[in-house]
């Protein structure tokens, strides 16, 4: 099944990817014990785009200590709640995890980050809203919790948005982790990301990953992103892990190592 209403390189096959993501939520990715209810919370934002953001606090959270913040963006047809278990293994890792949710509801309680339409004239305004939702979430979390550096983590469709947020706001983001996804278009009709933005964002570290048996995302997307950012002078970490279009314990461990560098 292919997306019928919005064909664009950063969305190609994302409906298919989201279907597998809903299945892959059951794949064990835990590094440790399950979080208890009182270790998870949510924060309500009150900006232009009010939303509930799921927040996972580390064990022994200390309000006097600063923590890195990892903002995790689900895939098309996913949700914040569905992505949350992938980070249960970060419980003892002294990092805050924030999970916003796409603003465009789909079937069965799932969501998309992008407005699905073939009308490119609508893409720019709608994509800027999605970026603003994430930026507002980060700003309000930073106002309430002791945040050190901010990292964007995108899975599948969430990769495109993670790039948009990180590269358009390089003073906000220390890095972007792009897992099993595709870059957004640059300097095209309907694009909000332009070459001039990329040149101003070289301080943003990039982590690009794909499972070796991912049958839904061709390996060329991994290599093309790697080559693009290296050519532009970015610090890039390339990761190929054992697995398909999912989040494994091996991958999550390598993401954590990258954050701690």
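If eta is 1.002 mPa s and T is 20 °C, what Stokes-Einstein diffusion coefficient results for segment 147-261, Kirkwood Rh from Cα pairs, in µm²/s? Don't skip to the answer; put the middle values down first.
Numbers: Rh = 14.1 Å.
It diffuses with D of about 152 µm²/s by this estimate.
Looking at segment 14-260, I'd like the Rg to Rh ratio, where Rg is from alpha-carbon atoms and Rh is Kirkwood's inverse mean 1/r. Intermediate results must be reported in sequence, preceding the final value.
Numbers: Rg = 16.7 Å, Rh = 17.9 Å.
Value, to two decimals: 0.93.
Taking every DSSP beta bridge with both residues inside the chain, roughly what % is antiparallel (nearest 5)? Don't jump to the answer; show the numbers that get you there.
Working: 11 of 37 bridges.
The antiparallel proportion sits near 30 percent.
Expressed as a rounded percentage, what relative contact order does the chain have, with Cα pairs under 8 Å and six or more residues apart?
Values: 551 pairs, mean separation 48.7, N = 261.
Once normalised by length, the contact order is 19 percent.
Mind telling me which of 177, 162, 125 comes out most flexible in a GNM of the chain, alpha-carbon contacts under 10 Å?
Ranking 177, 162, 125 by mean-square fluctuation puts 125 first.
Anyone know which of 56, 202, 188 comes out most mobile in the 10 Å Cα GNM of the chain?
Looking only at 56, 202, 188, the biggest GNM fluctuation is shown by 188.
Would you mind computing, in nm to one decimal, how far apart the modelled labels at residue 260 and residue 213 are, each placed 7 Å from Cα along Cα→Cβ?
Spacing of the two 7 Å Cα→Cβ label points: 2.8 nm.
If I take all pairs of Cα atoms in segment 197-244, what percentage of them are more than 16 Å from each other?
Numbers: 457 of 1128 pairs.
Looking at segment 197-244, the distances longer than 16 Å represent 41 percent of pairs.
Rank 190, 77, 211 by mean-square fluctuation in a GNM of the chain with C-alpha springs under 10 angstrom and give only the top-ranked residue.
Among 190, 77, 211, the largest GNM mean-square fluctuation belongs to 190.
Express the C-alpha Rg of segment 118-171 as a ratio against the empirical globular expectation 2.2 N^0.38 Å, rounded to two decimals.
Working: Rg = 12.5 Å, N = 54, 2.2 N^0.38 = 10.0 Å.
It is 1.25.
Based only on the alpha carbon positions, what is the Kirkwood hydrodynamic radius of segment 56-151, in angstrom? Write out the running numbers ahead of the final one.
Details: mean 1/r = 0.0684 Å⁻¹.
Kirkwood hydrodynamic radius for segment 56-151: 14.6 Å.
Tell me the Kirkwood radius of segment 35-91: reciprocal of the mean inverse pair distance over distinct alpha-carbon atoms, in Å. Present the calculation step by step, with values, prior to reporting the outcome.
Numbers: mean 1/r = 0.0778 Å⁻¹.
Computed over segment 35-91, the radius equals 12.8 Å.
Every read-out reported here was derived from the displayed coordinates using simple, explicitly stated rules and does not represent laboratory data. This one's a predicted model, so the numbers in the text were calculated from it and none came from an experiment. Note that each Cβ is placed from the backbone with ideal geometry, even for glycine, and that neighbours are counted across all protein chains shown.
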